[in-house]
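Peer 1: Could you have a look at this structure, given as structure tokens, before my questions?
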Amino acid sequence: MMFSRAITLGNVVALCALFHSATAYSNHMLACTQTTTPPKIDGLGNDAAWINKSELTVADAKANLDHTLTCVHDENRIYIKASYPDTTESRTHKTGIWDEEAGLYSHDTDREDTLVLKWNMLDNQGDISLNSNLAYKADVWYWKAFRTDPTGYADDKIHTYTNESSVKAKKRVSKNGKQFYLVRRGDKGTPAYKPVIHIVRYGDRVNSYSHREPTGSRADIQAKGHWADNVWTIEFARDLDTGEADDVRFSLNRQYQFGVSRYETAGTKPIVGSNNPLHGAGEIGEPILLTFTKELASQ
């Protein structure tokens, strides 16, 4: 009887844990409303498509601020508007500073403003944080104020979080103390920027990147940001289904889990002396479930 009782109690504990895991990651819902007048992706956020649509506000996991999100869709594309407070507009990144003694440029500590949407590519609605207890794969939409915004795109990347080591994997420790590895890769194609190596002096400060039209799956996400009155507004647009294996593929009859972060979710240490010290140290905040609605809202 003692053994049977132990099994019963164990099952109760297991069921409670299962119930908790099933609900812990679905406490925020974002309704994506159908529209017949898609917004212009210019970062202004003042199109009729956004008016009178439901908004969701969630806390950032690292920064002391909130993100406000709105979503609409048409038959072919999904559109997301995101905003967050920021007292400064940072549109430079790793500016080159001339070192007279060394005879070359070194990178300054300036970091661009960014925004990340991280989508769970598995149908498990689990934990997609940087110290999750479970392996996952995530589609990452990474808007960068200097490197991608001038061309009107967000970078398209993929995170693979697993307990198997691989080349260029970053070690992570899960919440229960187990070893995991994070691999961050760009989608197939070329990004909207490329590094510039200056071999002669052009001035005391120079840009370390140049811009170009992205190609392939790296060109899937249209995005534009606008900073005014101490608030960033960033608009995203992407095909519901790009047909690419490295992208989350949206269907109107499913829910999709994602998270948002003010900073790149790379798990790096803060940058001492930087204007954006948490760049690279970001983490998605409260998990969100996106639900598509097919009814047309008033425009």
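Peer 1: Could you tell me which residue of segment 258-279 is surrounded by the fewest Cβ atoms within 10 Å (Cβ to Cβ), considering only residues that are touching a Lys or Arg at 6+ places or on another chain (Cβ under 8 Å) and within 21 Å of ARG218 (Cα to Cα)?
Peer 2: In this case the residue turns out to be ALA266.
Let's see how each residue does on (1) open to solvent by less than 10 Å² (accessible area, probe 1.4 Å); (2) aliphatic (A, V, I, L, M):
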{"residue": "VAL72", "(1), (2)": "yes, yes"}
{"residue": "LYS94", "(1), (2)": "no, no"}
{"residue": "THR162", "(1), (2)": "no, no"}
{"residue": "VAL167", "(1), (2)": "no, yes"}
{"residue": "LYS170", "(1), (2)": "no, no"}
{"residue": "VAL173", "(1), (2)": "no, yes"}
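Peer 1: So which of ASN46, ASN52, ASN27 ends up being more than 18 Å from GLU75 (Cα to Cα) and at pLDDT 95 or above?
Peer 2: Answer to the selection: ASN46.
Peer 1: Of the conditions (1) surrounded by fewer than 20 Cβ atoms within 10 Å (Cβ to Cβ); (2) touching a residue at least 24 places away in the same chain (Cβ under 8 Å), ASP66 fails just one. Which one is it?
Peer 2: Failed condition: (2).
Peer 1: Something else: Just the residues that are more than 25 Å from PRO38 (Cβ to Cβ) and open to solvent by 50 Å² or more (accessible area, probe 1.4 Å), please, taken from segment 74-92.
Peer 2: PRO85, THR87, THR88, GLU89, ARG91, THR92
Yes or no, residue by residue, for (1) more than 30 Å from LYS294 (Cβ to Cβ); (2) not aliphatic (A, V, I, L, M):
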site: ILE221; (1), (2): no, no
site: GLY225; (1), (2): no, yes
site: ALA228; (1), (2): yes, no
site: ASP241; (1), (2): no, yes
site: ASP247; (1), (2): no, yes
site: PHE258; (1), (2): no, yes
site: TYR263; (1), (2): yes, yes
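Peer 1: Run down THR148, THR87, THR95, THR114 and say which single residue is in contact (Cβ under 8 Å) with a residue 24 or more places away in the chain, under 30 Å from ASP204 (Cα atoms), in contact with a Ser or Thr (Cβ under 7 Å, 6 or more places away or on another chain) and among the hydroxyl-bearing types (Ser, Thr, Tyr).
Peer 2: Only one candidate qualifies: THR95.
Peer 1: Return the only residue of GLY45, GLY126 being part of a loop (DSSP other than H, G, I, E, B), open to solvent by less than 60 Å² (accessible area, probe 1.4 Å), within 22 Å of GLU235 (Cβ to Cβ) and of a type outside the set (Phe, Trp, Tyr).
Peer 2: None of the others qualify; the one that does is GLY45.
Peer 1: Sticking with this structure for a sec: Looking only at segment 172-231, count how many residues are modelled with pLDDT under 95 and in contact with a His (Cβ under 8 Å, 6 or more places away or on another chain).
Peer 2: 0
Peer 1: Just wondering, is there one or more residues in segment 114-121 that are crowded, with 17+ Cβ neighbours inside 10 Å and more than 24 Å from THR190 (Cα to Cα)?
Peer 2: No, the conditions are met nowhere in segment 114-121.
The values are calculated or read from the model by the stated rules, or taken from the named source; none is laboratory data. The model shown is predicted, which means the values in this text are computed figures rather than measured ones. Ideal geometry is used to build each Cβ from the backbone, glycine not excepted, and the neighbour counts take in all protein chains shown. Areas reflect the complete protein model, heavy atoms only, side chains present, ligands, DNA and RNA absent. Shrake-Rupley method; radii C 1.70, N 1.55, O 1.52, S 1.80 Å.
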